[in-house]
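The values are calculated or read from the model by the stated rules, or taken from the named source; none is laboratory data. Predicted, not measured: the structure shown is a model, and the values here were computed from it. Don't worry about glycine lacking a Cβ; one is built from the backbone with ideal geometry, like all the others, and counts go over all protein chains shown. Please note that ligands, DNA and RNA were not included when accessible areas were found on the heavy atoms of the full protein model with its side chains. Shrake-Rupley method; radii C 1.70, N 1.55, O 1.52, S 1.80 Å.
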Amino acid sequence: MARTLNLEIQESSEELKHLLDKQTSVQMKERLQALYLLKTGTLSTLQELSSVLVRDPSTIYRWFQKYKQAGLEGLLKPYKSPGKTTTIPSAAMGKLKQYLEEYEGFTSYGEIQTWLKEECGVDVSYHVVYRAVYLKLNTKIKGSKPKKRVKKKSGKVEPSQFTEKSTEVEWGSEEKSRLSSL
């Protein structure tokens with residue numbers, strides 16, 4: 001027969017039930033449910049809890065150890081993985097931020113990529129440069145953008161450098177006679 005758990009739960013069963021109903025995260029709900037079932041006396045062993053919650057007994061044991069050490073706040077604190085370290089070192093990032101604030105010399109992320117390689121010795125991809133500048137530093141580069149059409153006072157629209165002037169085709173007498181015969 002399995003040993004009963006001797007865990008002293010500070011919160012009342014009503015408080016645990018209220019927190020359980022309010023919780024939106026599935027992982028946190030499971031942890032609160034384990035405490036609630038143990039507090040109400042519905043289940044009393046680690047094996048029973050693991051079969052009801054469909055979790056390994058070592059996982060539930062780890063939850064209870066965390067509860068003993070840090071209380072309910074520690075148990076419900078979401079785990080944040082450290083993630084991958086940044087590709088651009090902090091010194092180079094600081095230098096880039098300072099350069100972006102002082103000058104308006106970059107017109108593309110490719111130029112920033114080249115500048116990082118030459119000035120800081122950091123060889124990173126275009127995507128890494130974009131994420132660093134646009135998402136981490138919250139800056140936009142001062143690139144050249146296509147000119148918009150400008151209306152003249154006479155009401156005629158002046159074409160920009162990206163649009164072509166439409167020219168009418170002059171038809172000769174031979175072409176006109178061929179078209180009329182069709």
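Side notes on the structure shown:
- A simple spin-label model places the labels of D56 and Q69 1.8 nm from each other, with each point 7 Å out along Cα-to-Cβ.
- Heavy atoms of L135: accessible area, 1.4 Å probe, square angstrom to 10: 90 Å²
- Förster-model FRET efficiency, 41 Å R0, Y99 and K77, C-beta, rounded to 0.05: 0.60
- For the range 97-114 versus the range 61-95, the gap between their alpha-carbon centres in whole angstrom: 33 Å
- For the range 1-124, the spherically averaged projection of the C-alpha convex hull amounts to 12.5 nm².
- On full extension, the segment bounded by E14 and A91 gains 22.5 nm, given 0.36 nm per residue less the C-alpha separation.
- Across the range 24-150, Cα pairs under 8 Å and at least six residues apart give a relative contact order of 17 percent.
- Of all accessible heavy-atom area on the range 10-70, the percent that carbon and sulfur account for (1.4 Å): 47 percent
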